[in-house]
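Notes follow once the structure below has been shown.
The values are calculated or read from the model by the stated rules, or taken from the named source; none is laboratory data. Just so we're clear, the structure is a prediction, and the values are computed from it rather than from any experiment. Cβ sites come from the backbone with ideal geometry, for glycine too, and all protein chains shown count toward neighbours. When the accessible area is computed, the model is the full protein with side chains, heavy atoms only, and any ligands, DNA or RNA have been set aside. Shrake-Rupley method; radii C 1.70, N 1.55, O 1.52, S 1.80 Å.
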Amino acid sequence: MTGRWSFLVLLLLCPATVRADSLVCCDRSQTYQIALDKESKVGEASLREHTIVWHPAKKKYYLLADVVPLTSQHHPNTYNTEIHLFSSPNLQNWTYHGVAIPKGTKAGRFDRFGVASPASATFHNGLIYCPYSARRTSHFTERSIGLACSHPDPEQLPWQKTTHPIADLPGEDDDAALISDASDNHLHLYFRTASSQGYQILHSQSSHPLKEDSWSKPVVISIKPEGVRAQELTGAALLNGEYHLFVIEHFYQGGAQVAHLASHNPEGPFHEFDKEQRYLLPEEQPPNIVYSGHITPVVREGTIKAFFWTVSQTGKRYGLLGHPALKPSAD
């Protein structure tokens, strides 16, 4: 496809406003949807933060997601909830497998009152690794970052979990994302913390991820802009040697927008991917996103295949909506 015809296809299938540097360009004529209605195996429930990983041996995509029953007294929030597993060969037809990452069962365990916010899992050395935010108390405070690891067959549940957190700062740690970099055989962890220092996005790394003390001391990798009240990390990907983060930024005045940040160094600093436009445009996302969308890039063998968002569905229920990614040809 020539550059001219490729651009015409973008005009037809992407939003009306096309940014040359934007990765979030989708074929809106095709839609993926994941909903947990009354007929689902878990009953009527919502799906919030989520991550989708391609498993090359199983030839499947695996979805790990917060599931919040509509009967929960905390709905729509992910308090006292667990992370569930789904699979699909094509992003269209999904099979539910069950709870992959259960909350702790023993008093005093760091994740006794819920596991949540898997912003990005990753495939590494034949296994899927998924970080999560652990709720230590009945008030869902003293949050830290835990790590779960699949069996060679991801559908064997539940997954293995670390006994202790892999990151536990004085503030509330949440929104955990992992990236596997084959070039250095490390897993790179990104997460958000909220403390007396405000909101910060941090990085840690390990070559032996299930050993809690192997993770490096977290370092700040992105500065919160002036006028931004709070941040949530909601997606991460490694593309062509560049690390990409999607961060929901809540403003003191107004609502929230999703910033797209990138760096060639896993430890940052991270800057705007598009120097002219820090935030995704409304036209680049579905109109019915809720909780700022929780965008998830779906990467298969180094190429973006789709984007998913958290969207409103029927009544109080919310779930996931996706579109195939559309990238201009270089030919």
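What the Cβ-Cβ distance of Leu157 and Asn288 gives, at R0 = 35 Å and to the nearest 0.05, is a FRET efficiency of 0.65. The gain in end-to-end length when the Ala230 to Asn93 segment is fully stretched comes to 45.8 nm, 0.36 nm per residue minus the alpha carbon separation. Potential lengthening of the chain between Ser216 and Gln277 amounts to 18.7 nm, from the contour at 0.36 nm per residue minus the alpha-carbon distance.
Scalar couplings 3J(HN,Hα) for region 294-302, obtained by applying the Karplus form with A = 6.51, B = -1.76, C = 1.60 to θ = phi - 60°, are 6, 5, 10, x, 9, 10, 10, 6, x Hz; x denotes Gly and Pro. Peptide packing for 232-238, 191-197, 274-280, 113-119 was compared via the average number of neighbouring C-beta atoms within 10 Å per residue; ordered from the highest value, the list is 113-119, 232-238, 191-197, 274-280.
In terms of distances greater than 27 angstrom between alpha carbons, the cross-link table entries Lys161/Lys217; Lys59/Lys217; Lys275/Lys305; Lys41/Lys161; Lys103/Lys316 yield Lys59/Lys217.
Taking each residue as 0.36 nm, the span from Gln73 to Asp184 lengthens on full extension beyond its C-alpha to C-alpha distance by 35.5 nm. Using a probe radius of 1.4 angstrom, the carbon and sulfur fraction of the accessible surface of the chain is 50%.
Look at the alpha carbon pairs under 8 Å that are at least 6 residues apart: their mean separation over the length of the chain gives a relative contact order of 17 percent. Loop-located GluC sites (Glu not before Pro) in region 37-106 (DSSP state not H, G, I, E or B) with no more than 15 neighbouring Cβ atoms inside 10 Å: Glu39. Take the alpha-carbon centre of region 149-187, take the same for region 252-289, and report the distance between them in whole Å. So the two Cα centres are separated by 25 Å.
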